[in-house]
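Asks: Structure in structure tokens, see below.
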Amino acid sequence: MTTDESFSTIRGRVSNRVDAVRLACELEAHAPKLGNVHPTARFDDCEYHDFIAAACEIAPVLGSDDQSLSLGDRVLSAVERTRTVTAANVNLGIILLIAPLAMADDLQMLGTILMSVTPQDGRKVFEAIRLASPGGMKRDDVAEEHDVQSTYWQPIDLIAAMKQAADRDRIALQYAASFADFFKNVVPIVREEVSRPGPVSTAIVNAQLRLMAHDIDSLIARKCGIEVAAEAGRRAADCLASDTAQSRETFDAWLRADGNRRNPGTTADLIAAALFWLLREPNA
């Protein structure tokens, strides 16, 4: 995997949705984003190769043309396949975001897919979330009927559950609002950065800083509190303003302190999903 090529060059090699899923995940993992895992930075429970192995596992499921596979089928199968190559939660957010995007050819179809989610799909998604064991989730975050730890085996109104969590989880917000935030606030920034001349890895890091400066990372907020998440946003804005290697190194060290609890994982997930969408977009 190389990210010293331009995005347009890489996009020219995409021939189907499976390619787009795999490449989007690989590009996101390979870019040296601040506070995240990449080829020269690891966490205690996972490293770069876990993300690459997981990308290869989930791509055939999420990118499948098999119309008999529902949203719940795809999400649960992708998480199960990920667990065969790593015990760490390296991609739950990516799976949740890309699954409906990969089933849709346009925004109208995406809306139809989300409106057609069944209670059984909800049960499978909740089972997938429980299996992935994402960080920062507490049982008092949700009403009893939407508690992923105790109701994952029951039929679930997934969109209602996502609406309940939308104010504290930006991935849930996408399901709750038909990805309006994603297409308004995420895709345009990533598109603008990857459209610039130069390596796609540089574009991805710049997009990360811009996204963090624009909106708080909800994973940081869940794990460390809204004040720390807001501080991360201010530091990202400072990095953009100063545009020096030293400021980025300092910010990266701050994000990685305290056992990587300030990992901006939601921003990374949103970037991967945006890259997937743009890899399929004719004029990105």
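The values are calculated or read from the model by the stated rules, or taken from the named source; none is laboratory data. Please read all numbers here as calculations on a predicted model, not as lab measurements. Positions of Cβ are generated from backbone atoms using ideal geometry, with glycine treated the same way; all protein chains shown enter the neighbour counts.
Asks: Which one is nearest to residue 264 (Cα to Cα) among residues in region 1-36 that are of a type in the set (Val, Ile, Thr) and either without any contact (Cβ under 8 Å) to a residue 40 or more places away in the chain or surrounded by fewer than 24 Cβ atoms within 10 Å (Cβ to Cβ) (or both)?
Replies: The qualifying residue nearest to residue 264 (Cα to Cα) is 3.
Asks: Checking the structure you have, find out if any residue of region 81-92 is charged (D, E, K, R) and modelled with pLDDT under 95.
Replies: Among the residues of region 81-92, not one is charged (D, E, K, R) and modelled with pLDDT under 95, which makes the answer no.
Asks: Can you tell me how many residues within region 161-198 are surrounded by 15 or more Cβ atoms within 10 Å (Cβ to Cβ) and not in a loop (DSSP other than H, G, I, E, B)?
Replies: Residues that pass the stated criteria total 22.
Asks: Let me ask something else. Tell me the residue from 73, 66, 45 that is farther than 29 Å from residue 202 by Cα, surrounded by fewer than 20 Cβ atoms within 10 Å (Cβ to Cβ), in contact (Cβ under 8 Å) with a residue 12 or more places away in the chain and of a type in the set (D, E, K, R), please.
Replies: That would be 73, the only listed residue that is farther than 29 Å from residue 202 by Cα, surrounded by fewer than 20 Cβ atoms within 10 Å (Cβ to Cβ), in contact (Cβ under 8 Å) with a residue 12 or more places away in the chain and of a type in the set (D, E, K, R).
Asks: Could I ask something else about it? I'd like to know if region 110-126 contains one or more residues that are of a type in the set (Val, Ile, Thr), touching a residue at least 60 places away in the same chain (Cβ under 8 Å) and under 18 Å from residue 169 (Cα atoms).
Replies: There is no residue in region 110-126 that is of a type in the set (Val, Ile, Thr), touching a residue at least 60 places away in the same chain (Cβ under 8 Å) and under 18 Å from residue 169 (Cα atoms).
Asks: OK, next. Does residue 87 fit the bill of being outside any loop (DSSP other than H, G, I, E, B), touching a residue at least 12 places away in the same chain (Cβ under 8 Å), farther than 25 Å from residue 176 by Cα and more than 14 Å from the chain's Cα centre (by Cα)?
Replies: Here the answer is no, as residue 87 does not meet what is asked.
Asks: Consider region 57-109. How many of its residues are closer than 19 Å to residue 279 by Cα and hydroxyl-bearing (Ser, Thr, Tyr)?
Replies: Result for region 57-109: 1.
Asks: Among the helices (runs of 4 or more DSSP H) confined wholly to region 226-284, which include 3 or more residues that are without any contact (Cβ under 8 Å) to a residue 24 or more places away in the chain and under 28 Å from residue 7 (Cα atoms)?
Replies: Of the helices (runs of 4 or more DSSP H) lying wholly inside region 226-284, those with at least 3 residues that are without any contact (Cβ under 8 Å) to a residue 24 or more places away in the chain and under 28 Å from residue 7 (Cα atoms) span 226-242, 245-260.
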